[in-house]
Structure formats: structure tokens, C-alpha cells
Amino acid sequence: ATGTFAAGSITLNSDGSVPGTVSEPATASGAIAIGAFRTRFAWDYELATPLTTRKSDGIGAGVPGNLANFSSRGPTRDGRTKPDLYAPGAYLAGSLSSDATTTTIPTVDRDSGGLHAYLEGTSASAPVVSGILALLLQRNRLLLPSEVMALLISTAATGGKVDAVALIGAVPIQVD
């Protein structure tokens, strides 16, 4: 009724996160669910003294490669392993629109030249994997979804992190 759990009412994952937090549509059996890990924690921005900002989220704070706090750890509520894979998701540099305001993208999240913003989210991780899959299918468009999933999993680096070089290297070039 209160929307909270009593202490000890659930078993936490080893990193202290709550299990079963994968949500739709990632829980679909045929979906490739992507989680996020940290890649960057600091960058120079124009109004800082000194010219560096540092962001941290509390879980594996300041350690590139650790899962981001906002990323689901899995499993699904019915016990299936999801996310299937992890990709860079915080803080990723992207081109800053000339229409961006400090309300939409705070100065602290911009680089010192004002050309890039550093943002986070699995909404950044999923396009990374989508781009890798586009390269994969360019190499061999005849792969079945089940084969693509098996390749993603078998070529992943430690911790289930996507490895684009290993993935593309594992796929034979399609010959028409």
C-alpha cells in the first residue's frame, strides 16, 4: 500500500540493487535487452574552476566499466536472464544542438567548447548495439534472430559487455 518494501523482505543482488527490475519491452522473450555501464566520469566544461566536472552515481562510483545505477540488473520477474548484454551508457558524448538551452542541457553537462553534451541512459546503450548489429547484418544479412543473439552472447566480453570487434570477426562474410 505504501509502495515500499520492508527491510529484509526481498533478497538484493550482490551489488545492492533490486532484482526483477527489467521492464517492458525488454522482458519480451525475443527482445534483445540492453543494460548500461559507465565509460566516463569527468570532462572539462567552460564555467568550472578548475575546468573539470565529475559525476558519480553511488554504485561503483568513479570506476569506468561498472554497471550504471539506473541500469537493470535482472533477472525478469519470472526468473529469465535479462538484460542480455551491456553497452556504454554513461556518460556518452554527443553533438550538442545549437537550439539546446541550459534548461535542457545544463552547462555542467557540456564540454568546454560547447559543442558536445555528456548524457546517460540505456536509451544511449541500445543505439550503440543497434549500430553494431547493422554492421553485423551488412556483413551477413542471412543470419536468423536466434543466431544473432547467440553471437552477441558468445562474443561478449567479461560482464556481458558487447564486444563489436569480436562479434563482427565471428561472422563469416555472406556470399551471394
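Things worth noting here:
- Packing-based ranking, highest mean first, of 86-94, 116-124 given that Cβ atoms within 10 Å are counted: 86-94, 116-124
- Surface listing: 110, 38 arranged by accessible area from highest to lowest gives 110, 38, probe 1.4 Å.
- When the alpha-carbon atoms of region 107-176 are used, the pair Rg, Dmax equals 15.8, 51 angstrom.
- Sorting 12, 115, 151 on solvent-accessible area from highest to lowest, probe radius 1.4 Å, gives 115, 12, 151.
- When the residues 82, 161 are ordered by accessible surface, computed with a 1.4 Å probe over the protein chains alone, the sequence from largest down reads 161, 82.
- Residue-level accessible surface for residue 176, protein heavy atoms, 1.4 Å, Å²: 150 Å²
- Of the accessible area of region 101-176, computed with a 1.4 Å probe over protein heavy atoms only, carbon and sulfur atoms account for 64 percent.
The values are calculated or read from the model by the stated rules, or taken from the named source; none is laboratory data. Note that this is a predicted model, so its numbers are computed, not measured. Cβ sites come from the backbone with ideal geometry, for glycine too, and all protein chains shown count toward neighbours. Surface accessibility is based on the protein's heavy atoms, side chains included, excluding ligands, DNA and RNA. Shrake-Rupley method; radii C 1.70, N 1.55, O 1.52, S 1.80 Å.
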